[in-house]
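Structure first, commentary second.
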Amino acid sequence: MKHLLKLSDLSAQEITEILDLADQLKYEKKNGIPHKHLEGKTLGMIFEKSSTRTRVSFEVGMADLGGYPLFLSSNDLQIGRGEPVEDTARVLSRYLDGIMIRTFQQKEVEDLAKYGSIPIINGLTDYCHPCQVLADLMTIREYKRSFHGLKMCFIGDGNNMSNSLMVGAIKMGMEFAIACPKGYEPDADLMKWASENGKFTCTESCADAAKDADILVTDVWASMGQEAEAKERQKVFASYQINADLMAVAKSDAMVLHCLPAHRGEEITAEVLEAHAAEIFDEAENRLHAQKAVLVKLMKD
């Protein structure tokens, strides 16, 4: 494991090792046990998309690990003024010990890894969100103890979250079902892979996807960069909501996850979100612990 570019690059064993380390680091943090694995290391954090959870969790995570987080806005970098990513990668590799980037194009993340000589972490692209899904898997294992025999259901847009959740679920042996409107399906190649490697369903019916689900997951109807489509998407996705009726179709002990921020009354009702706030905010907290595990795996000597 040299980088974290997308979840499909990792084996089930590598994912399990990250989750096991994340559990250990979470225990140590909760009990005030120092874990300065990255003392003297510096992480550059490039943000071309704004963030709450990604920025705070990576900054706190590096500080907990004894390292130094360096916030790099695209407005402050030459990469935001047209410097080729290959040049940026070569220069930053001589200053830093690792880079986390939150951006639009997956190619930019891949190119940083190709031309740089330090670990690259994908903090989010339009294609995938591996850090979030590692936190989701961590949370599922905390609540369900095992992935064996579980069914995960995603309701909404076939976006970066559904792409990564699909991969994470199938790799860890879960069934994955997604309900989305026609024309808003996840990446075609990933769906083909999921069909060939596990139990996978893509349907327009929320009830069919959610039937007997152990985990229900959703995300906003319009992601960053899709603001111009927001009104149209509100019409298209109006029925793609996790609500009391949909919860009744899932298993009685089904958990609910949301990567946040949540738009109550759109993709999820306030009632369901508050009823499942414990797992949703544990999921948000677990971004910190899962990412610390990734940082240690990639950057520790």
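Derivation of every value follows stated rules applied to the coordinates shown; laboratory data play no part. None of these values were measured; they are calculated from a predicted model. Using ideal geometry, Cβ is built from the backbone for each residue, glycine included, and neighbour counts are taken over all protein chains shown.
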Exercise for the section: Using +1 at the Cβ of each Lys and Arg and -1 at the Cβ of each Asp and Glu in the stretch 150-301, identify which of 281, 269, 190 lies farthest towards the dipole's positive end. Expected result: 190
Problem - J(HN,Hα) series, the stretch 162-167, from Karplus relation 6.51 cos²θ - 1.76 cosθ + 1.60, nearest Hz, glycine and proline x - result: 5, 4, 6, 4, 4, 5
Exercise for the section: Taking only Cα atoms and a 10 Å spring cutoff, compute GNM fluctuations for the chain and point out the largest among 289, 258, 37. Expected result: 37
Handout entry: Cβ charges +1 (Lys, Arg) and -1 (Asp, Glu), total dipole of the chain, debye
Key = 560 debye
Practice task
Taking the Cα centre of the stretch 179-301 as origin, work out the dipole magnitude from +1 charges on Lys and Arg Cβ and -1 charges on Asp and Glu Cβ, in debye rounded to 20.
Solution key: 240 debye
Exercise for the section: Specify the residue with the greatest mean-square fluctuation among 64, 111, 97, computed from a Gaussian network of the chain linking alpha-carbon atoms under 10 Å apart. Expected result: 111
Practice task
Apply 1/(1 + (r/R0)^6) to the Cβ-Cβ distance of residue 144 and residue 75, taking R0 = 51 Å, and write down the FRET efficiency to the nearest 0.05.
Solution key: 0.75
Problem - Least to most buried among 233, 94 (fewest other Cβ within 10 Å first) - result: 94, 233
Fill in the blank from the handout: Here Rg/Rh (Cα, Kirkwood) for the chain equals 0.96
Handout entry: Restraint check, 211/231; 49/151; 30/297; 151/231; 26/114; 151/300, Cα-Cα greater than 27 Å
Key = 211/231; 49/151; 151/231; 26/114; 151/300
Exercise for the section: Starting with the fewest neighbours, write out 91, 167, 249 ranked by other beta-carbon atoms found within 10 Å of each beta-carbon. Expected result: 91, 249, 167
Practice task
Starting from the amide H of residue 257, placed 1.01 Å from N in the peptide plane, find each other amide H under 5 Å away whose residue is 5 or more places distant or on another chain.
Solution key: 216, 217, 218
Practice task
Rank these for me by crowding, 62, 191, going from fewest to most other beta carbons within 10 Å.
Solution key: 191, 62
